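Written out below as structure tokens is the structure these notes cover.
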Amino acid sequence: MDTTLTEEEGMIREIARRFLEAECPPKLVRAMEKDPLGYPPALWKQAAELGWQGMSLPEQYGGSALPLVYLGLVMEEVGRALAPLPLLCTVVTARAIASAGPGVMRTAILPGVAAGDTVLTWAFSERDPRLLAETVKMGAVADGDSYVLNGAKMFVENFVVADHCLVACRTAPASAGNAGLTLFLVDTKSAGLSQVPLVTLAKDKVSEVIFTNVRVPKSSMVGELHQGAPIIERLLEEATALLCAQMLGATRKDSEMAVEWAKYRKAFNQPIAAFQSIQHMCADMLLWIDGGNLLTYEALWKMDQGFSGSVEASQAKAFCNEKCEAVVRICQGIHGGIGFMMEFDLQLWYRRVCTWTMRLGTAYEHRAKVANALLDHPGQVILGRPVPVTENA
Amino acid sequence: MDFGYSADQEALRWEVRSFISAHMTDAVRAEMDELSEGFGVSPGRHSGGLINGLFKKIGARGWLGISYPKEYGGQGGDRLTQYIVEEEFARVNISLGLGGSGAPAILAAGTEEQRRHFVPKLISGEYSFALGFTEPHAGADLASLQCRAVRDGDEYVINGQKMYTSSAHMATHIYLMARTNPNLPKHQGISIFLFPMDTPGITVRPLWTIQNDPPAPIGTTYGTPRTNETFFDNVRIPASCMLGKENEGWRVGAMGLNLDRVGAARYLISVRRDEDIVNFVKQNSFDGYSPARDPAIRDKIAELWIEAQVCRLMTMRSMSIVEHGGNFTYEGAAEKIWAPEHGVRTTEAISQMLGPYGQLLNGSAHAVERGVFAHNLMGAFQSGINHGSTQVMRDQVARRGLDMPRK
């Protein structure tokens with residue numbers, strides 16, 4: 001048990017921070033809001049040179065096989081700089097392929113990811129936005145050596161720039177112990193695919209993706225037929241915890257700007273930072289961000305040990321959704337009028353953090369998962385031990 | 001970062017648990033109920049034969065003063081080991097921690113003689129301190145304290161009054177903060193003295209808390225029925241009773257308090273309610289109504305459980321920093337804000353989960369869990385007041401953690 005960073009972890013964070021401070025100023029963030037791709041390919045390539053895309057991929061495919069905790073540190077910095085990179089959706093999809101995709105697919109896709117030549121994304125939600133297997137209705141029907149996909153996926157991130165999209169489809173009705181889902185890695189240039197751009201608070205690239213008789217080869221299946229649910233659930237857990245890291249990085253930066261502003265801004269003949277009302281808000285912000293950090297890294301660490309991090313990721317996301325939102329709103333308050341002027345950079349952080357709180361599960365959804373783990377399984381719970389209660393805990 | 005326990009640490013936890021299940025007999029529990037004064041038991045404080053026998057066995061296992069150096073009666077272990085043992089015992093209302101004991105400050109600031117004299121006996125429970133900090137007109141602004149210590153040859157003469165000297169009626173010694181120089185700025189004229197409670201001139205008068213009638217059940221958060229005010233009337237003590245240097249008592253006292261805020265006890269008194277309510281609603285229903293199936297209650301329980309994890313992890317963070325030999329800037333204060341305020345949120349939420357059953361005190365017909373949840377409503381908020389209020393802690397976080405100015 002040691003919550004402090006090792007020297008190596010500290011270095012990873014430091015290198016990422018210096019790189020993004022130099023290469024990703026707010027000007028670039030603003031430019032990408034209006035850019036047709038929404039990300040700078042040159043920066044993406046530089047990120048690959050630092051090893052970010054391949055950081056948590058197996059070495060045989062060009063990755064460095066480092067723990068998710070390390071990737072979390074990078075995501076924190078990506079969030080801090082609001083770096084407009086399709087990193088999160090690419091790495092979690094790549095990791096799903098690495099763990100469950102056929103060998104040929106791994107060899108074909110993953111080295112390109114690690115090299116920064118490939119962008120990946122994933123598609124799960126449909127009209128019902130809850131991240132539950134039962135909400136997936138889109139069908140995939142076998143036809144010879146192919147499957148034919150029909151339906152629509154919502155809230156697909158970076159689809160417009162992705163080379164491949166991992167799609168959750170219904171191939172069987174849900175039954176006891178089997179959700180009936182199958183995953184396919186779909187080439188985004190396939191015939192029958194179209195997308196409707198969604199206009200988001202973060203002004204990033206999110207699409208509704210419509211599948212009209214999209215034909216994919218059987219070899220594009222990730223995992224076994226009808227066995228896709230555990231794979232996509234693991235992807236969601238990892239993405240959830242990594243998104244928390246990204247949110248926290250952005251939120252911490254936002255709070256640092258507010259504290260600096262409070263020290264600079266004078267009212268009633270003193271810096272407003274000397275008012276206790278401001279100090280106590282800032283103290284709370286620091287504690288909330290620290291709390292979110294501890295929850296998030298515990299979740300990532302647990303996944304690194306080969307355990308499910310489902311409950312821990314839900315703990316982190318439920319907490320971060322509410323606390324990060326509160327922090328960035330308080331930071332707006334500390335800044336006063338200037339904070340919501342378009343030309344002032346603070347709004348860039350505010351809009352993104354708010355957006356991320358709404359993705360990958362609401363506080364209510366995640367608390368429902370935690371409540372299930374606590375209340376719907378037998379055994380006495382003990383704080384500090386895993387829930388649901390296991391036999392030897 | 002490493003969020004796990006080693007195999008040795010896990011084995012130790014199991015050893016402690018099996019010890020507890022073997023030794024916490026109904027007779028021991030009954031004696032604890034009788035003598036605990038609503039809180040719990042700790043070494044040396046209680047007259048019960050079974051409890052003292054139990055503490056002897058705990059001592060024989062090497063589970064007292066685990067993280068203290070061997071030459072001072074400890075085991076030379078690390079804080080995490082101590083934490084694991086403390087945590088398991090705290091769950092059954094046995095306090096092994098030395099939080100509030102003065103031992104950390106004596107180790108840090110005491111003379112060699114003081115260390116050898118006090119620390120082993122504090123660990124064994126032979127000695128205990130009443131904390132003489134607060135005064136009628138010095139609470140949050142402790143540095144404005146007025147209790148005087150005047151040098152007279154090889155002695156000091158103490159005159160003044162201390163408030164909320166909680167265990168003064170049981171303690172063997174007092175850990176007293178007094179003013180030695182009224183002409184210096186208020187933080188600079190303070191010294192600390194350690195001396196026996198039976199020194200002539202000390203009078204202890206009880207102050208009864210809201211937990212006294214009916215007495216709180218064991219395990220209540222701040223279920224203590226009694227605290228005290230203590231008067232010092234020309235109390236003469238040898239000059240060698242001073243801890244640290246003259247007029248440097250503020251720094252010594254602050255250091256002791258900071259170290260006292262770290263450990264299992266502080267966090268567990270605030271979070272064990274989360275376990276209690278989860279396990280209670282899982283096992284109980286009211287004429288077919290199960291709170292565990294109520295969607296609003298489920299959401300609230302999950303929210304509280306998540307907050308409790310934050311409390312736990314903040315404690316782990318403080319211990320990690322100490323283990324690396326570092327000092328807190330704001331992390332101890334952070335823990336002291338989060339855990340007590342969380343404890344209050346949980347306690348209040350539980351009262352809304354139990355509704356009218358939540359009001360029933362110890363001894364009432366139909367009381368839930370002997371009224372512990374109702375008694376917690378009278379105790380949980382005390383955790384945010386004692387040892388530095390959460391508002392004072394927020395000042396510290398802002399100033400030390402964020403470098404925000406006083407003016």
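The values are calculated or read from the model by the stated rules, or taken from the named source; none is laboratory data. Bear in mind the structure is a predicted one, so any value in this text is a computation, not a measurement. Methodologically, a virtual Cβ is constructed for each residue, glycine included, from the backbone with ideal geometry; neighbour enumeration extends over all protein chains shown.
Here are some residues: A:Leu287, A:Leu295, A:Leu375. Which one is touching a residue at least 12 places away in the same chain (Cβ under 8 Å), out of contact with any Pro (no Cβ under 6 Å at 6 or more places or on another chain) and crowded, with 19+ Cβ neighbours inside 10 Å?
Details: A:Leu287 fails: touching a residue at least 12 places away in the same chain (Cβ under 8 Å); A:Leu375 fails: touching a residue at least 12 places away in the same chain (Cβ under 8 Å).
Only one candidate qualifies: A:Leu295.
Of everything in segment A:237-284, what is more than 20 Å from A:Val353 (Cβ to Cβ), aliphatic (A, V, I, L, M) and in contact (Cβ under 8 Å) with a residue 60 or more places away in the chain? Give them in sequence order.
The answer is A:Ile272, and nothing else.
Can you find even one residue in segment B:317-339 that is crowded, with 23+ Cβ neighbours inside 10 Å, over 19 Å from the mean Cα position of the chain (by Cα) and more than 11 Å from chain A (Cβ to nearest Cβ)?
Looking for residues that are crowded, with 23+ Cβ neighbours inside 10 Å, over 19 Å from the mean Cα position of the chain (by Cα) and more than 11 Å from chain A (Cβ to nearest Cβ), one finds none in segment B:317-339, hence no.
Taking segment A:300-318, which residues are buried (at least 24 other Cβ atoms within 10 Å of the Cβ) and either within 9 Å of another protein chain (Cβ to nearest Cβ) or out of contact with any helix residue (DSSP H, G or I) (no Cβ under 7 Å at 6 or more places or on another chain) (or both)?
Within segment A:300-318, A:Leu300, A:Glu312, A:Ser314, A:Gln315, A:Ala316, A:Ala318 meet the criteria.
Quickly run through segment B:36-68 and pick out the residues that are within 16 Å of the chain's Cα centre (by Cα), small (Gly, Ala, Ser) and not in a loop (DSSP other than H, G, I, E, B).
Residues satisfying the conditions do not exist here.
When you scan segment B:286-310, how many residues do you find that are more than 14 Å from B:Asp276 (Cα to Cα), over 26 Å from the mean Cα position of the chain (by Cα) and hydrophobic (A, V, I, L, M, F, W, C)?
Adding up the residues that qualify gives 3.
Among residues belonging to segment B:276-290 that are without any contact (Cβ under 8 Å) to a residue 60 or more places away in the chain and part of a helix (DSSP H, G or I), point out the one that is surrounded by the fewest Cβ atoms within 10 Å (Cβ to Cβ).
My answer is B:Gln283.
Counting just the residues of segment A:334-370 that are in a loop (DSSP other than H, G, I, E, B) and surrounded by fewer than 21 Cβ atoms within 10 Å (Cβ to Cβ), which one comes out nearest to the other protein chains (Cβ to nearest Cβ)?
Start the filter on segment A:334-370 by keeping residues that are in a loop (DSSP other than H, G, I, E, B), which leaves A:341-345, A:358-362.
Still in the list and also surrounded by fewer than 21 Cβ atoms within 10 Å (Cβ to Cβ): A:341-345, A:358, A:362.
Working: A:Met341: 25, A:Met342: 28, A:Glu343: 27, A:Phe344: 21, A:Asp345: 20, A:Met358: 18, A:Thr362: 11 Å.
In this case the residue turns out to be A:Thr362.
Please pick out the residue among B:Ala140, B:Ala171 that is at pLDDT below 95 and closer than 19 Å to B:Arg205 by Cα. Talk me through it step by step, then tell me what you get.
On the way: B:Ala140 fails: closer than 19 Å to B:Arg205 by Cα.
That would be B:Ala171, the only listed residue that is at pLDDT below 95 and closer than 19 Å to B:Arg205 by Cα.
Just give me the residues in segment A:207-242 being assigned to a strand (DSSP E or B), closer than 20 Å to A:Ala162 by Cβ and out of contact with any helix residue (DSSP H, G or I) (no Cβ under 6 Å at 6 or more places or on another chain), in sequence order. Spell out how you get there, then give the answer.
From segment A:207-242, those assigned to a strand (DSSP E or B) are A:207-217, A:221-222, A:227; that's our starting set.
Right, trim to closer than 20 Å to A:Ala162 by Cβ and you get A:207-212, A:214-217, A:221-222.
Within segment A:207-242, A:Glu208, A:Ile210, A:Phe211, A:Thr212, A:Val214, A:Arg215, A:Val216, A:Pro217, A:Met221 qualify.
Yes/no per residue for (1) closer than 26 Å to B:Glu88 by Cα; (2) among the aromatic types (Phe, Trp, Tyr); (3) touching a helix residue (DSSP H, G or I) at 6+ places or on another chain (Cβ under 6 Å):
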site	(1), (2), (3)
A:Asp290	no, no, no
A:Glu298	yes, no, yes
A:Cys320	no, no, yes
A:Met341	no, no, no
A:Tyr350	no, yes, yes
A:Thr357	no, no, yes
A:Arg367	no, no, yes
A:Ala373	yes, no, yes
A:Val389	yes, no, no
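Which condition number does A:Cys165 fail, the rest of (1) out of contact with any Leu (no Cβ under 6 Å at 6 or more places or on another chain); (2) farther than 18 Å from A:Leu225 by Cα; (3) surrounded by 14 or more Cβ atoms within 10 Å (Cβ to Cβ) being met?
Condition (2) is where A:Cys165 drops out.
Out of all the residues in segment A:257-280, which are more than 9 Å from chain B (Cβ to nearest Cβ), in a helix (DSSP H, G or I) and closer than 22 Å to B:Ala333 by Cα? Step through it out loud before you land on a result.
First pass over segment A:257-280, keeping only residues more than 9 Å from chain B (Cβ to nearest Cβ): A:257-258, A:260-261, A:264-269, A:272, A:275, A:277.
Cutting the leftovers down to in a helix (DSSP H, G or I) gives us A:257-258, A:260-261, A:264, A:272, A:277.
Passing the criteria: A:Ala258, A:Glu260, A:Ser277.
What do you reckon, is B:Glu335 within 19 Å of A:Leu286 (Cα to Cα), touching a residue at least 24 places away in the same chain (Cβ under 8 Å), among the charged types (D, E, K, R) and in contact with a Ser or Thr (Cβ under 6 Å, 6 or more places away or on another chain)? Explain how you work it out, then say what you get.
Values: within 19 Å of A:Leu286 (Cα to Cα): yes; touching a residue at least 24 places away in the same chain (Cβ under 8 Å): yes; among the charged types (D, E, K, R): yes; in contact with a Ser or Thr (Cβ under 6 Å, 6 or more places away or on another chain): yes.
Taking the combined requirement at face value, the residue satisfies it.
Tell me, which strands (runs of 3 or more DSSP E) wholly within segment B:184-249 include 1 or more residues that are without any contact (Cβ under 8 Å) to a residue 24 or more places away in the chain and surrounded by fewer than 16 Cβ atoms within 10 Å (Cβ to Cβ)?
Output list reads B:202-208.
Only one of A:Ala108, A:Ala65, A:Ala94 is of a type in the set (Gly, Ala, Ser), out of contact with any Gly (no Cβ under 7 Å at 6 or more places or on another chain) and over 24 Å from A:Val167 (Cβ atoms). Can you tell me which?
On the way: A:Ala108 fails: over 24 Å from A:Val167 (Cβ atoms); A:Ala94 fails: over 24 Å from A:Val167 (Cβ atoms).
Among A:Ala108, A:Ala65, A:Ala94, only A:Ala65 is of a type in the set (Gly, Ala, Ser), out of contact with any Gly (no Cβ under 7 Å at 6 or more places or on another chain) and over 24 Å from A:Val167 (Cβ atoms).
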